[in-house]
Amino acid sequence: MAGERVDAAMARLFGLSRTRAADLIAAGHVELDGASVAKSDRVLPGAVLDVRIPVEINPLEVVPEVVEGIRILHDDDAIVVIDKPVGVAVHPSPGWSGPTVVGHLAGAGFRISTSGASERQGIVQRLDVGTSGVMVICKSEHAYSVLKQAFRDRTVDKVYHALVQGHPDPLEGTIDAPIGRHPKSDWKFAVMADGRHSVTHYETLEAHRFASLLEVHLETGRTHQIRVHMAALKHPCVGDLTYGADPTLAKRVGLERQWLHAMRLGFEHPDTGEHVEYESTYPADLEHALEVIRDAD
């Protein structure tokens, strides 16, 4: 290797790619005879190459960590049903470094199904980081198989409450509009002609001066579905700045996330076959925001 570039020599010595070697050099992790080097410097016979290779964190690794605020609503051999607080992701992802549901379950000693991708084992449904409420995770392989199919067949009853700006017209109805990735923001979604089939049913529970409280039944389960469909009707969820909510109103009611809560979940229990239903109550931030809206009438 006498006379080779430092990055090329590192690639051969450690089995790294040239790009990875160059990154280590740029980060100051490489010295040649005790001095820092450039990737184009040459190695000579007798020289000492000192390389530090930091441990890379796998963004998809499940880190066991008990998360404050996650409540267990039901637990048996097949399933565990939780009440997820805001600010908790369901599973690890490349863009998320905060707490996760699967990390909490691992940290709290729950054994869950090994079906699914490693970071999503046992997961048959998801809630956004900014959405709170009830969700089910599978502990047995049988439960995973049965409930995965139930969600696919749309036999699971998913009920949400949403506080939306203004008053939807009609007061109850069905939104049937395909959803796809937003053409200009890959972290957002939108109603798109070539999107996936998406159906949302809603009815108005309370109509107030600035906003309406809706009960929403999801027929399909697309990412951000309720948020996208309500924004498309020009009635975004209160506090949902990503999808066009009024920041002044959000500030007035003290919200830093969308007013959207997974209230109820009903399905056939994968072991007994009987219909079971689990319910969650509004968390403090949503309850406070709703009271502000009610008081403004």
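Extension gain, W96 to E172, is 23.8 nm, computed as 0.36 nm per intervening residue step minus the present C-alpha separation. Distance between the modelled labels on A47 and E4, one decimal in nanometres: 1.2 nm (7 Å Cα→Cβ projection).
Multiplying the residue separation of R111 and D76 by 0.36 nm and removing their Cα-Cα distance gives an extension gain of 11.5 nm.
In the elastic network of the chain, a GNM with C-alpha springs shorter than 10 Å, the most mobile of R120, R196, R18 is R18. Here the Gaussian network model covers the chain, with springs between Cα atoms less than 10 Å apart; of A35, A245, A89, A35 fluctuates the most.
Candidate membrane-span-like segments in the chain, meaning DSSP H helices with Cα atoms spread over at least 15 Å of their own axis and a Kyte-Doolittle mean of -0.5 or above, are 284-295, with no membrane implied. Take the Cβ atoms of A150 and T19, set R0 to 51 Å, and the FRET efficiency comes out at 0.70.
Spin-label model, D297/K234: points 7 Å from Cα along the beta carbon direction are separated by 2.5 nm.
The order of L233, L265, L44 by accessible area, most exposed first and with a 1.4 Å probe, is L44, L233, L265.
Each residue was assigned an accessible area with a 1.4 Å probe, and for R42 the value is about 130 Å². Projected onto its three principal axes, the C-alpha set of the stretch 192-297 covers 48, 36, 22 Å, listed from the longest axis down. A straight chain from H208 to K251 at 0.36 nm per residue would run longer than the Cα-Cα distance by 13.7 nm. Counted over the chain, the DSSP beta bridges are approximately 95% antiparallel. Restricting the calculation to Cα atoms, the chain shows an Rg/Rh of 1.13 when the hydrodynamic-style radius is the Kirkwood one. Diffusion of the stretch 70-226 by Stokes-Einstein, at 20 °C in a medium of 1.002 mPa s and with Rh set to the Kirkwood radius over alpha-carbon pairs, works out to 125 µm²/s.
The values are calculated or read from the model by the stated rules, or taken from the named source; none is laboratory data. Note that the structure is predicted; figures quoted are calculated from it, not measured. In this analysis, Cβ positions are derived from the backbone assuming ideal geometry, glycine residues included, and neighbour counts consider all displayed protein chains. In case anyone asks, the SASA skips ligands and DNA or RNA and just uses the protein heavy atoms, side chains included. Shrake-Rupley method; radii C 1.70, N 1.55, O 1.52, S 1.80 Å.
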